[in-house]
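Structure first, commentary second.
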Amino acid sequence: MERLQKVLARGGLGSRREIETWIKAGRIRINGTSAQLGDKVSMTDRITIDGRPISPKRLQFSPSSQVILYHKPTGEICSRKDPQGRPTVFQSLPRPQQGRWISIGRLDINTSGLLLFTTEGEIAHCLMHPSAQIEREYAVRVLGTVQESALQRLQAGVQLEDGLARFEHILDAGGEGANHWYHVKLREGRKREIRRLWESQGAQVSRLIRIRFGPIRLPPRLRAGRWHFLESSELKALLEVAGIAHQPVTKLQPIVGRRVRS
């Protein structure tokens, strides 16, 4: 038997954190009884969410688990719906074979670049958990001149309002005029952390692109707004850094594509 939130997350119904809020709200029942945090279930248990039964087949670990790489453009948000009517990343993704896409982390509206999605909540949970310490790399365009002493402080550690933060590494990537490019690496993803770190040194970020998440790099020829499914070797490398056993990927969909909005 396994914990309820783990089983439902594996079925692509939501992240563990989301499902825990559903349990607290009384939306989930096991064999007709309101679920509680800590409950464990098996494939013989009848689970309902808001009165809708969940098929046991959906909750089994699928050998065709999908992970998709999306090149997010600026101007899209990472929520499923937006009251302001702004475009979301989910509108650009292909239809999954089963379940729904779960974002592995987020990028803010003004940040572009590599964003990963999976249909397996367990994969998303392991890759997003702080204990995984997965390295992220970003290309950053900074307006103005940054002194060497400021770069040293950014790597030594800067006290932000939500705690100490630092870059693991900063590489000068060149540039001309008022703008200069750097590649920075860090192992966490706090809200606007990269922008806040540079701002702490009086520098303004004019462009921010995520170019790597763990072993997965943004393909140079993958244009903004397009996606592709990870190859089996890429998925294996990604899951290894999070300590997840690799499952083979069944290629039942196009490898590269762009969802056309209606």
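The values are calculated or read from the model by the stated rules, or taken from the named source; none is laboratory data. Remember, predicted model here, so these are calculated numbers, not experimental data. Neighbour counts run over all protein chains shown; Cβ positions are idealised from the backbone, glycine included. Accessible surface areas use protein heavy atoms only, side chains included; no ligands, DNA or RNA. Shrake-Rupley method; radii C 1.70, N 1.55, O 1.52, S 1.80 Å.
How much length is gained if the chain between Lys191 and His169 is pulled fully straight, taking 0.36 nm per residue apart and subtracting their Cα-Cα distance, in nm to one decimal? Don't skip to the answer; put the middle values down first.
Numbers: separation 22, 0.36 × 22 = 7.92 nm, distance 1.92 nm.
Result for the pair: 6.0 nm of gain on full extension.
Of the listed values [x] 1.11; [y] 1.44; [z] 0.97, grab the one calculated as Cα Rg over 2.2 N^0.38 Å from the structure here.
Answer label, from the structure shown: [x].
Give, as a single signed number, the net charge of other residues whose beta carbon lies under 14 Å from the beta carbon of Arg166, with Lys and Arg counted +1 and Asp and Glu -1. It would help to have the intermediate numbers written out before the result.
Details: positive: Arg136, Arg153, Lys185, Arg187, Arg190, Arg196; negative: Glu135, Asp162, Glu168, Glu188, Glu193.
Result for the local shell: +1.
Using helices alone, what [θ] at 222 nm do you get for the chain, with -39,500 (n - 2.57) per DSSP H run of 4 or more residues, divided over all residues and rounded to the nearest 500?
Calculated at 222 nm, the ellipticity per residue is -5000 deg cm²/dmol.
Sort Arg190, Arg223, Arg196 by heavy-atom solvent-accessible area, probe 1.4 angstrom, most to least. Don't skip to the answer; put the middle values down first.
Numbers: Arg190 60, Arg223 150, Arg196 30 Å².
So, going from the largest accessible area down, we get Arg223, Arg190, Arg196.
Lysine pairs in the range 5-82 8 or more apart or on different chains: how many have alpha carbons under 29 angstrom apart?
For the range 5-82, the number of qualifying lysine pairs is 11.
Quick check: pseudo-label points 7 Å beyond the Cα along Cα→Cβ at Ala25 and Ala156, how many nm apart are they?
Inter-label distance under the simple model: 4.7 nm.
Please list Glu188, Glu176 in order of solvent-accessible area, largest first, computed with a 1.4 Å probe with all protein chains present. Provide the component values of the computation, followed by the final result.
Details: Glu188 65, Glu176 165 Å².
These residues rank, largest area first, as Glu176, Glu188.
Suppose a student asked you for the relative contact order of the range 108-192, using Cα pairs under 8 Å spaced at least 6 residues apart; what percent would you report? Could the numbers behind the result be given before it?
Values: 96 pairs, mean separation 27.3, N = 85.
Reported as a whole number, the value is 32 percent.
For His228 paired with Asn110, estimate the spin-label separation in nm (one decimal), with each label point 7 Å from Cα along the Cα-to-Cβ line.
3.1 nm
Just the accessible area for Trp22, please: 1.4 Å probe, Å², rounded to the nearest 10?
40 Å²
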